[in-house]
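Below is one structure, written out as structure tokens, with a few remarks after it.
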Amino acid sequence: MEHTPEIQKQYFQFAYQTGSDIWTHIPYTYKAQQMLPFMERDALVLDIGAGRGLWAAKLVGLGYRVLGIDYVESIVEKVNKRIQEDGYMDRARFMHGDALNIPFVDKGFDMTTDIGTLQHITENNWPQYVSEIHRTLNDHGYYLNISLSRKTPQFLGWNPHSSTDGNFTKFGVHYHFFTQNEIQEIFGNHFNIIEQQFETYNSQSDPNDNVVLVFTLMQKKSAS
């Protein structure tokens, strides 16, 4: 099936409703929390591609305020309703938004997190994505990215480790599996990499899948 933005959006709308997205079943949060930088309580975090709000809830539990964006409007409405019912709308809110056109002012966030969104953005849009992350982070703000790694041996019957470009399409969804060099090339002009780690997980997306994630913590470079 050919990849188109609309097909991909429909896929995520279904995945969010059913909990069938790969992130629901991968226990990435332990490593992600270990890599979070020290920030003051009440620091404001932007969560890109916030989905069902599971990671955002973890951040709220750590004492941060969170604004999440996702381009699936139905999930935004559902998560905001749950946040209201759970009584922490003063700490978190979701908005419909696009990672390539973040609907917030310049330098408004202390940290931005992205759990599995960048890997679905095509290469021609990477510069715009980085520009938006950079624009909306305050001076010396942090950025935590968790993406699929090219070290992955098998994903949905495909071997990313042997791929020359890391691009893969399945069920109309585009995936990119990143190398260390790619991450440095994509972000190096605007961010310093503070820490990078790789973790391997079994994935329920396919019985034989063995997924490697790359966790990268960066900090916005000072204006020269």
field: Odd one out for residue 187 among (1) within 18 Å of residue 37 (Cβ to Cβ); (2) surrounded by fewer than 14 Cβ atoms within 10 Å (Cβ to Cβ)
entry: (2)
field: Single residue of 69, 75, 83, 48 found to be under 24 Å from residue 180 (Cα atoms) and surrounded by 17 or more Cβ atoms within 10 Å (Cβ to Cβ)
entry: 48
query: Tally time: how many residues in the stretch 117-132 are assigned to a helix (DSSP H, G or I) and closer than 16 Å to residue 5 by Cα?
result: 8
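Of all residues in the stretch 133-183, count the ones that are β-branched (Val, Ile, Thr), out of contact with any helix residue (DSSP H, G or I) (no Cβ under 7 Å at 6 or more places or on another chain) and either crowded, with 18+ Cβ neighbours inside 10 Å or part of a strand (DSSP E or B) (or both). Break it down stepwise before answering.
First pass over the stretch 133-183, keeping only residues β-branched (Val, Ile, Thr): 133, 136, 146, 152, 164, 169, 173, 179, 183.
When the remaining residues are screened for being out of contact with any helix residue (DSSP H, G or I) (no Cβ under 7 Å at 6 or more places or on another chain), the result is 133, 136, 164, 169, 179, 183.
If we keep only those that are either crowded, with 18+ Cβ neighbours inside 10 Å or part of a strand (DSSP E or B) (or both) too, we end up with 133, 136, 169, 183.
Count: 4.
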message: So if I check each of 69, 75, which one is within 17 Å of the chain's Cα centre (by Cα), over 23 Å from residue 192 (Cβ atoms) and modelled with pLDDT under 95?
response: 75
- prompt: For residue 154, which of the numbered conditions (1) modelled with pLDDT of 95 or more; (2) under 18 Å from residue 23 (Cα atoms) fails to hold?
  reply: (1)
- prompt: With (1) closer than 30 Å to residue 105 by Cα; (2) in contact (Cβ under 8 Å) with a residue 40 or more places away in the chain as the list, and residue 157 as the residue in question, which single condition is left unmet?
  reply: (1)
- line: For the stretch 169-180 the number of residues that are at pLDDT 95 or above and either over 18 Å from the mean Cα position of the chain (by Cα) or β-branched (Val, Ile, Thr) (or both) is 1
- prompt: Give me the pairs: first residue in the stretch 73-88 and within 13 Å of residue 50 (Cα to Cα), second residue of a type in the set (Lys, Arg), beta-carbon distance under 6 Å, and six or more apart or on different chains, which are they?
  reply: none
task: Could you list all residues from the stretch 38-50 that are in contact (Cβ under 8 Å) with a residue 60 or more places away in the chain and under 10 Å from the mean Cα position of the chain (by Cα)?
output: 47, 48, 49
- prompt: Given the conditions (1) modelled with pLDDT under 95; (2) in contact with a Lys or Arg (Cβ under 7 Å, 6 or more places away or on another chain); (3) of a type in the set (A, V, I, L, M), which single one is not true for residue 22?
  reply: (2)
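The values are calculated or read from the model by the stated rules, or taken from the named source; none is laboratory data. Here the structure is a predicted model, which is why all the values come from computation and not from measurement. Cβ atoms come from the backbone with ideal geometry, glycine included; neighbour counts cover every protein chain shown.
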